[in-house]
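What follows is a single structure, written as structure tokens, with notes after it.
The values are calculated or read from the model by the stated rules, or taken from the named source; none is laboratory data. Everything numeric in this text was worked out from a predicted model, so none of it was measured. Methodologically, a virtual Cβ is constructed for each residue, glycine included, from the backbone with ideal geometry; neighbour enumeration extends over all protein chains shown. Just so you know, the surface numbers come from the protein's heavy atoms only, side chains and all, with ligands and any DNA or RNA stripped out. Shrake-Rupley method; radii C 1.70, N 1.55, O 1.52, S 1.80 Å.
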Amino acid sequence: MLAATMKIADRLRELGLVLPARPLIPPGTVLPFGWVRVVGNRALVSGHGPTNADGSIAKPSGRVGADVTPEQAYDAARLTALAILGSLERELGTLDRITAWLRVFGMVSCAPGFQEMPGVINGFSHLILDVFGQERGQHARSAVGVAELPFGIPVEIEAEVQIA
């Protein structure tokens, strides 16, 4: 449980979690937008996928229910949460500025017939709740299935947080 006075960086260390480097995109790919856009007291986070510690795209890739198991996709959603936290920390200077998680939109690349998208995106939600606690970490959320995601990633997540 997150103590009210605990710093988020300390909580990450306590949980044994490390934020990855800035996401690396494949050569030749142009993304004409930032990973995080701050407007007033909100930070809107562009879609992120699962990354390794060096920022490279994490494996496995493909569709959940065919190439990727639901358990692997859950883990990919956790890695995506860490990628988003890394981007937020780089933009905000500290994750302690986050006063509330507002909205999360999770997309899962699904094989035909796969319908367990909420369970996959739970990987993201569970990590955010573990790090920020129930009061700050609770968020509205959607989890939808899609036919394809960029670069073959199994999960893509965007978010919105309130900041101080």
Going through region 1-16 in order, the residues found to be part of a loop (DSSP other than H, G, I, E, B) and open to solvent by 40 Å² or more (accessible area, probe 1.4 Å) are M1, A3, A4, T5, M6, K7, L15, G16
For region 112-128, indicate whether the set of residues that are under 30 Å from V30 (Cβ atoms), in contact with a strand residue (DSSP E or B) (Cβ under 6 Å, 6 or more places away or on another chain) and open to solvent by 30 Å² or more (accessible area, probe 1.4 Å) is non-empty.
yes
If you go through region 134-155 one residue at a time, how many are more than 12 Å from the chain's Cα centre (by Cα), open to solvent by less than 10 Å² (accessible area, probe 1.4 Å) and within 24 Å of I8 (Cβ to Cβ)?
1
In the set L44, L24, L19, the lone residue that is in contact (Cβ under 8 Å) with a residue 24 or more places away in the chain, closer than 19 Å to I98 by Cα and part of a loop (DSSP other than H, G, I, E, B) is L19
Members of region 65-87 found to be small (G, A, S), open to solvent by less than 60 Å² (accessible area, probe 1.4 Å) and free of Cβ contacts under 8 Å to residues at least 60 places away in the same chain, listed by number
G65
Keeping to region 27-58, report how many residues are under 22 Å from S109 (Cβ atoms), open to solvent by less than 40 Å² (accessible area, probe 1.4 Å) and in contact with a strand residue (DSSP E or B) (Cβ under 9 Å, 6 or more places away or on another chain).
8
In the list I128, I121, which residue meets the criterion of being within 16 Å of V45 (Cβ to Cβ), outside any strand (DSSP E or B) and out of contact with any Phe, Trp or Tyr (no Cβ under 8 Å at 6 or more places or on another chain)?
I121
Do you know which residues across region 88-106 are open to solvent by 30 Å² or more (accessible area, probe 1.4 Å) and either assigned to a strand (DSSP E or B) or at pLDDT below 95 (or both)?
T99, L102, R103, F105
Restricting to region 131-164, what's the tally of residues that are within 22 Å of V30 (Cβ to Cβ) and either in a strand (DSSP E or B) or in contact with a Phe, Trp or Tyr (Cβ under 8 Å, 6 or more places away or on another chain) (or both)?
4
